[in-house]
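Step one of this worksheet: look at the structure below.
Rule-based calculations on the coordinates, nothing more; no lab input. Everything numeric here is computed off the predicted structure, so don't read it as measured data. Note: ideal-geometry Cβ built from the backbone for every residue, glycine included; neighbour counts use all protein chains shown.
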Amino acid sequence: MKLWVPIFVWIVLLASSVPVRAQTDAEVSARKDALDIAGAFANDGFKIRDGHWCGAIKPHDRAIVAVNLYAGNQYWFSAGATEPVKKIAVSVYDEAGKQVSTEGYDNGDKAAAGFSPANSGQYFVSVDVLEGEQGTFCLVYSYK
Amino acid sequence: MSRLAKLAVLASFTGVLAAAGAAEPDHLTADQMAKAVKSDSISIPTPGELFVALGKSAKINWSGQYRGPMPVTYSNRAQIALNLGGLIADGFIAVEAKDSQQVKNIGSDIIKLAKALGVSEKLLSRGSTINEFAENNEWDTLQEELEATQNEVKAAMQSHADQDLVILVTLGGWIRGTQVVTAAIVQNYDDRGARVLRQPALVRLMQSKISEISPELRGEPLVKDVTQQLGEIEKLVSFPPDKPPTADEVRKVNQAVGKVMTEIESKEPAK
């Protein structure tokens, strides 16, 4: 794929997803960080979902979203967070709430978890603050 | 991010694999799972995701899954929304088939249907982008562009106080996507491909979103009928996690979603 294409898609994704409400500057910044990580996987053939999930996050109060995944696909869940969050983690759980083994990426306020489900169905993705104070996060995911 | 920086990011993953695998598994409580966010934009997969998963198990004759031209002259807004979702799923099929002319045809129909809902202004530029990507055979980009188009339609619906129609677009896409996938599996059964059909929570999520729309819209004959049939479809896609559906079970899902799709496509809405 030509280099300009992922750049164009990145701009489109930032500009066009469903705005349930206006995004704050912190959410835009966190989303940009999440898309930066997801962009790295695009080089490996992963397609970035246009949807995203942003919000407030604080220590000891994980943010959890339900996702529906297909057996056979590979997924990366990428998250970014803003100051004063220092370090976050992304984890994946099956429909019974049991944590599944994932590939991981950890770079302070950016993190990602890679997962290939053996079974189709509902899973849960959590974003946790490991270090720092309450801040804003954003999660995107990609698949191939 | 530069290409080099991206590679550096990817390279850093291998170092944390072992740590991730070695950690003591954690559990979510029932309360945490019940309170988990469930949003249209991230909890509900696109038809494209479903097709990619199916394509992993076997070579699929995607162009064999096309349907004939559909009317773009519906007057019922719920029916337009459901068909718009189905049409977007058709766009993903054309992308999988790598058929640029079909992508362009469907892109044009998407604009026409969106126009009937009064949400087409911003989409006109999207239509020309789809055509450009189709002409240049940028299939990966087209897949993302189709989802962006769908989200733009939904965003426009929300800004036009038509937010109740959003879930109908999503539902129409899921029904058409499931119709195509079950038809492909029935034609050439493979238990690895059949595993993609296990989605009871996804159907429940769509049912729950429909229960939140206005009583007037929910009471429309077509919406009411589709919702009722969704309850039956949920049972049909509730397979045990470790047991793929049989060819006969897949056929039953195909018949159920095919029946709903026929009603959605019908020029005369259900009475």
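Our helix-only sum for chain B, with -39,500 (n - 2.57) per DSSP H run of n ≥ 4 divided by its residues, gives a mean residue ellipticity at 222 nm of -22000 deg cm²/dmol. In this structure, the residue pairs whose Cα-Cα separation is over 21 Å, taken from B:Lys38/B:Lys115; A:Lys47/A:Lys110; B:Lys38/B:Lys154; B:Lys209/B:Lys235; B:Lys115/B:Lys259, are B:Lys38/B:Lys115; B:Lys115/B:Lys259. Relative contact order (percent) for chain B, with alpha-carbon contacts under 8 angstrom and 6 or more residues of separation? Once normalised by length, the contact order is 22 percent. Values of log10 I(q)/I(0) for the range B:30-136 across q = 0.09, 0.14 Å⁻¹ run -0.29, -0.66, by the Debye formula with one identical scatterer at each alpha carbon and no solvent. In terms of overall dimensions, the C-alpha atoms belonging to chain B reach 58, 42, 40 Å along their principal axes, ordered largest to smallest. The range B:211-255 gives an Rg/Rh value of 1.15, both radii derived from C-alpha positions and Rh following Kirkwood. From most to least packed by mean Cβ count within 10 Å, the peptides B:142-153, B:54-65, A:30-41 give B:142-153, A:30-41, B:54-65. Between B:Ser128 and B:Asp248, the simple spin-label model (points 7 angstrom out along Cα→Cβ) gives 5.6 nm. Note on A:27-37: average number of Cβ atoms from other chains within 10 Å of each residue's Cβ is 1.
The mean number of partner chain beta-carbon atoms within 10 angstrom of a residue's beta-carbon across peptide A:89-101 is 4. In chain B, a dipole from Cβ-located charges (positive for Lys and Arg, negative for Asp and Glu) runs towards its positive end, and of B:Asn131, B:Ile106, B:Ala155 it is B:Ile106 whose Cα lies farthest in that direction. Rounded, prolate or oblate for the range B:155-239? Axes are the square roots of the Cα gyration tensor eigenvalues, ordered a ≥ b ≥ c, and the cut-off for rounded is a/c under 1.5. Since a/c reaches 1.5 and a/b is larger than b/c, the shape of the range B:155-239 is classed as prolate. For the range A:14-104, the equivalent ellipsoid derived from the Cα gyration tensor has semi-axes of 21, 18, 14 Å, listed largest first. Computed over the alpha-carbon pairs of the range B:103-172, the distance histogram in 5 Å steps reads 4, 17, 29, 25, 15, 8, 2, 0 percent, short to long.
Pairwise Cα separations in the protein assembly as shown fall into 20 Å bins from 0 onward with the following percentages, short to long: 28, 60, 12, 0.
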